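Only one structure is covered here, and it is reproduced in the block below.
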Amino acid sequence: MGDESSLNQAIPVNAAAMVDGLEYFLHVRRPVRLSPDAPRLIVVANQQNRTASGLLRVCIEAIRQFTPEPHEVWVVDNNSPVEKLGWLIEQPDVNAIFSRTEPIPPQARRAQTSPVRENAQEDRGSYANAVGLELGIRTIDPASRHIMALHMDTLPCKGGWLSFLISKLSGSVAAAGVRLDRTRIPEGVLHVLGFVVDFQLFVRLGLDFFPRPPLLDVGDRITTEFRSAGYEVFSCRNTMWEPQLSDRLRPDSPLRRLPVDRAFDDDGRAIFLHLGRGVRKATGKHIKGLSAQDWIRFADREILGGSWDPEKNRLLNGE
């Protein structure tokens, strides 16, 4: 697959959506159709090179391996080069939205700015992530009970991780995530890298994923609006704020010294990993911490090696 015409042949443009004043033209492929009770996992992707595609690949494979519960995976690709899309089109169990419209913020459009791809990619960040999530919720079954937003540089690493998060939702708890971000507002907000929400409540409250700078980044408003409406949110304990949690893992666990976010369930088991700055690391724009290439190698070797194995899972968690 090398150009737009080949993409059109594989999946004709079959949808359009108006998001924040701009019309997005979409190729939608939906091989999986489950009942509204099955959670919809929405992964926003941008594949600028082979490494970025590798981040998305291991994310999808980890979801497959550690999510036995019925669910729909939706990948929203934000206008990646056509030659990077062929492998994703071939995934038999992944619903995909291929957007062919560059997500340029309204202020840039008003200024009649037309950045080339490389510059736009560096600047669009949170806004593009929000657009991808908005395209996702406009395409899934509107009767869906739960949706989960995910970054492409994340890895579930324990079976039952999704059921654990959903079990935290109740009449009073409207969202559950793998990390609380405390850097923007004192009470913290669920980070959009991985949280599941009551989608029907989300719709009733008229929520969206757009950032509200300077205080609220992409997805932050969901937490603040849920609280304003009288609901609570749940967050896993995470080594971002409690690095000592890694001491609960067995000394020979490969997760013990991994320099990334690790989220834990109530029994002290690591269930979810997050690289951080994954797309920027893949394109060489961020170099601190574990590299994207080392993350992919670790995922292939330690997380995805072979089929799901309870014994291996216990080793990862130091049990």
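The values are calculated or read from the model by the stated rules, or taken from the named source; none is laboratory data. If you're wondering where the values come from, they're calculated on a predicted model, not measured in any experiment. Glycine gets a Cβ as well: all are built from the backbone with ideal geometry, and neighbour counts include every protein chain shown.
Just a few scattered comments:
- Against the list (1) under 19 Å from Pro156 (Cα atoms); (2) in contact with a helix residue (DSSP H, G or I) (Cβ under 9 Å, 6 or more places away or on another chain); (3) small (Gly, Ala, Ser); (4) in a loop (DSSP other than H, G, I, E, B), the condition Gly276 fails is (2).
- So Gly268, is it surrounded by 13 or more Cβ atoms within 10 Å (Cβ to Cβ), assigned to a loop (DSSP other than H, G, I, E, B), without any contact (Cβ under 8 Å) to a residue 60 or more places away in the chain and not β-branched (Val, Ile, Thr): yes
Per-residue answers, yes or no, for (1) touching a Lys or Arg at 6+ places or on another chain (Cβ under 9 Å); (2) in contact (Cβ under 8 Å) with a residue 60 or more places away in the chain; (3) among the acidic types (Asp, Glu); (4) farther than 19 Å from Asn8 by Cα:
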| position | (1), (2), (3), (4) |
| --- | --- |
| Gln48 | yes, yes, no, yes |
| Glu61 | no, yes, yes, yes |
| Thr67 | no, yes, no, yes |
| Glu72 | yes, yes, yes, yes |
| Asn78 | yes, no, no, no |
| Val82 | yes, yes, no, no |
| Leu85 | no, yes, no, no |
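- Any hit, segment 14-27, residues being on the phi > 0 side of the Ramachandran plot, in contact with an Asp or Glu (Cβ under 8 Å, 6 or more places away or on another chain) and not hydrophobic (A, V, I, L, M, F, W, C): yes
- Residue in segment 177-197 that is touching a residue at least 24 places away in the same chain (Cβ under 8 Å), over 21 Å from Asn129 (Cα atoms) and hydrophobic (A, V, I, L, M, F, W, C) present: no
- Restricted to segment 186-232, and to residues there that are among the aliphatic types (A, V, I, L, M) and closer than 24 Å to Arg262 by Cβ, the residue that is nearest to the chain's Cα centre (by Cα) is Leu193.
- The set of residues from segment 212-231 being under 16 Å from Arg182 (Cα atoms), hydrophobic (A, V, I, L, M, F, W, C) and in a loop (DSSP other than H, G, I, E, B) comprises Leu215, Val218.
- One residue stands out in segment 123-166 among those that are aromatic (Phe, Trp, Tyr) and surrounded by fewer than 23 Cβ atoms within 10 Å (Cβ to Cβ): the one that is modelled with the lowest pLDDT, namely Tyr127.
- Whether a residue is assigned to a loop (DSSP other than H, G, I, E, B) and either over 25 Å from Gly136 (Cα atoms) or of a type in the set (Val, Ile, Thr) (or both) was assessed, and Arg257 passes this test.
- Checking each residue in segment 1-17 for being touching a strand residue (DSSP E or B) at 6+ places or on another chain (Cβ under 6 Å) and either surrounded by fewer than 14 Cβ atoms within 10 Å (Cβ to Cβ) or of a type in the set (Lys, Arg) (or both) picks out Asn14, Ala16.
- Cβ-Cβ contacts under 7 Å between residues 6 or more apart (or on different chains), taken from a first residue in segment 11-24 that is farther than 13 Å from Ile137 by Cβ to a second residue that is part of a strand (DSSP E or B) and of a type in the set (Phe, Trp, Tyr), are listed as Ile11/Phe98; Val13/Phe25; Ala16/Tyr24; Ala16/Phe25.
- Selected residue (criterion: farthest from Ile63 (Cα to Cα)) from residues of segment 18-52 that are surrounded by fewer than 20 Cβ atoms within 10 Å (Cβ to Cβ) and among the small types (Gly, Ala, Ser): Gly21
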